[in-house]
Amino acid sequence: MAGMLYIVSTPIGNLKDITLRAIEVLKSADLIAAEDTRHTKILTSHYGIDKPLTSYFEHNKVTKGDYLLKLLKEGKNVAIVSDAGTPGISDPGAHIIKLAIDNGIAVEQIPGPCALITALVLSGMPTDRFFFEGFLPVKPGARKNRLKEFLGIKQTVVLYESPHRLLKTLKAIHDIFGDIEIACCRELTKKFEETRRQKVSEAIEHFTRNKILGEFTLVFYPSKEEELKK
Ligand code: SAM
């Protein structure tokens, strides 16, 4: 009988943000495939999870995915974890999930943290409809063109962004949508957690004057305040 692929959500910062079921599943799996084994070791050591860890990341996802599929077919239970949050959301998890489904392997998700949901809820912006963009294209032209596609949409937009591209992205948002409201959520659930809800121009000013550190999720409504209130 084939094994089970468990997609396990893990903390996005605070080690306490893990479910009892996630710990149980990680303790019972035959193998844990992690984006960064050293990073995951901190979590497994903290919770006394003593299971073999193997790496599964962007640059080995195809070959390692095939290897994990072989193990699953042989009856092994494999748990996938990412560096933070829910595997499959803007990380290589999506590849193994599709591979398992296409090969008739049963898949279970152990729900838990996900930066996009924490940021969306904290933003105070409409949550009834939202568009999750993940990471924008890296090239400036492609990034602007992608942002332009959100012009006129009546939904909140959530983006993941790296600290070194943050200012450029804020300026592009300002150029395209004007001085709209934005929530810059930084280091969620961590010691230096901060959510700045302000005009894009104010965010640009703040991050020009202060060192940009940590992980960011941006949330904005791509039309003016009057629209947001309707
Ligand atoms: N799978 C993850 C999830 O469920 O949230 C996301 C993985 S993606 C590779 C990593 C990005 O998520 C970071 O670059 C950042 O934009 C966002 N992120 C992760 N942890 C965060 C945190 N603690 N605070 C703010 N954003 C975070």
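Quick notes on this structure:
- Reachable lysines from K191, criterion Cα separation under 20 angstrom, eight or more residues apart if same chain: K16, K211
- On the principal axes of its alpha carbon atoms, region 79-189 extends 48, 29, 28 Å, with the longest extent given first.
- Spatially, region 76-114 and region 195-221 are offset by 31 Å when compared through their Cα centroids.
- Distance from the Cα centroid of region 1-59 to that of region 117-142 is 27 Å (rounded to whole angstrom).
- Loop sites in region 114-156: trypsin sites (Lys or Arg not before Pro), DSSP, at most 12 other Cβ within 10 Å: R129, K154
- Region 148-207 - accessible surface per residue (Å², probe 1.4 Å): 46 Å²
- Loop sites in region 21-81: GluC sites (Glu not before Pro), DSSP, at most 13 other Cβ within 10 Å: E58, E74
- Eigen-decomposition of the gyration tensor built on the alpha-carbon atoms of region 134-187 gives equivalent ellipsoid semi-axes of 16, 14, 11 angstrom, largest listed first.
- The share of accessible area on the chain that comes from carbon and sulfur is 55 percent, using a 1.4 angstrom probe.
- Per residue accessible area in Å² of region 4-110, where ligands, DNA and RNA are left out and the probe is 1.4 Å: 48 Å²
- Eigenvalues of the alpha-carbon gyration tensor of the chain, scaled by 5 and square-rooted, set the equivalent ellipsoid semi-axes at 36, 18, 16 angstrom, largest first.
- When only alpha carbons of region 147-230 are considered, Rg and Dmax amount to 12.4, 36 Å.
- Candidates per chymotrypsin sites (Phe, Trp or Tyr not before Pro) in region 141-230, loop by DSSP, up to 13 other Cβ within 10 Å: F192
- Think of it as helices only: each DSSP H run of n ≥ 4 in the chain is worth -39500 (n - 2.57), and spread over all residues that comes to -11000 deg cm²/dmol at 222 nm.
The values are calculated or read from the model by the stated rules, or taken from the named source; none is laboratory data. Small disclaimer: the values here were computed from a predicted structure and weren't measured. When we count neighbours, we look across all protein chains shown, and the Cβ atoms used for this are built from the backbone with ideal geometry, even at glycine. When the accessible area is computed, the model is the full protein with side chains, heavy atoms only, and any ligands, DNA or RNA have been set aside. Shrake-Rupley method; radii C 1.70, N 1.55, O 1.52, S 1.80 Å.
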